[in-house]
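The values are calculated or read from the model by the stated rules, or taken from the named source; none is laboratory data. Please read all numbers here as calculations on a predicted model, not as lab measurements. Glycine gets a Cβ as well: all are built from the backbone with ideal geometry, and neighbour counts include every protein chain shown. Side chains are part of the model used for accessible areas, which takes the heavy atoms of the whole protein and leaves out ligands, DNA and RNA. Shrake-Rupley method; radii C 1.70, N 1.55, O 1.52, S 1.80 Å.
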Amino acid sequence: MKIPAFLLRRLYLKGSLAATPSGFEFQISNKLGSGYARRLLPLTLDGIELDMASTTFEIEGKVVSFDAVSNDTPFTLAMNKTTTITYNGGAMAEGDHKVGMRFEVAGLGELGFDFSDTASAKG
């Protein structure tokens, strides 16, 4: 069973996209059901794949690189918890952008979604 992108898009916290001095960040919050990914794929920004080593998420106070996600170090989305995704590989201009996120979930295969939002400046 494949989960449609329009449902996964609900993970994104609208308005959380922010341009940082070295990249950008956004937040996701799981209201769909607990789950985990055993593999993350590169984020895309305006259709361009980004370096996974420069992309991180924070889980239980620990910052994990996208390329470190595995069966032993999964990307976990607990219910009603907010996770910040950060890209530190190059500045992003303020304004309208489209971000895509894809991941692999055991039993479901590759899933993904994208969102469009206006990035504001953050410190």
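Some notes on this structure:
- Label-to-label distance, residue 114 versus residue 31, with points set 7 angstrom from Cα along the beta-carbon direction: 2.4 nm.
- About its Cα centre, the dipole of the range 24-66 is roughly 280 debye, where the only charges are +1 on Lys and Arg Cβ and -1 on Asp and Glu Cβ.
- Mean shadow area of the chain over all directions, Cα convex hull, nm²: 7.0 nm²
- Dipole of the chain [Lys/Arg +1, Asp/Glu -1 at C-beta], most positive-end residue of 100, 82, 115: 82
- Within the range 23-40, backbone nitrogen closer than 17 Å to the virtual label 7 Å beyond the Cα of residue 122 toward Cβ: 23-30
- Charge tally in the Cβ shell below 13 Å around residue 66, where Lys, Arg are +1 and Asp, Glu are -1, residue 66 excluded: -2
- Simple spin-label estimate for residue 59 and residue 3 gives 1.4 nm between the two label positions (7 Å along the Cα-to-Cβ direction from each Cα).
- Using the 1.4 Å probe convention, the accessible area of the chain works out to 53 Å² per residue with neighbouring protein chains retained.
- Mean Cα-pair separation over length for the chain, i.e. relative contact order, pairs under 8 Å, 6 or more apart, %: 37 percent
- Taking Cβ atoms as reference points and 10 Å as the exclusive limit, the residues near residue 84 contribute a net charge of -2, counting Lys and Arg as +1 and Asp and Glu as -1.
- For the range 9-113, applying the loop criterion from DSSP together with a ceiling of 16 other beta carbons within 10 Å to the trypsin sites (Lys or Arg not before Pro) yields 14, 31, 38, 81.
- Cβ-placed point charges (K, R +1; D, E -1), dipole of the range 22-120 about Cα centre in debye, nearest 20: 380 debye
- Selected from 36, 66, 21, residue furthest toward positive end of dipole (the chain; charges at beta carbon): 36
- With all protein chains in place and a 1.4 Å probe, the accessible surface of the chain carries 52 percent carbon and sulfur.
- Neighbour net charge for residue 19 - beta-carbon separation under 15 angstrom, K R +1, D E -1: -3
- A DSSP coil position with no more than 10 other Cβ atoms inside 10 Å describes the following GluC sites (Glu not before Pro) in the range 38-123: 60.
- Protein-only accessible surface order, largest first, of 40, 32, 13 at 1.4 Å: 32, 13, 40
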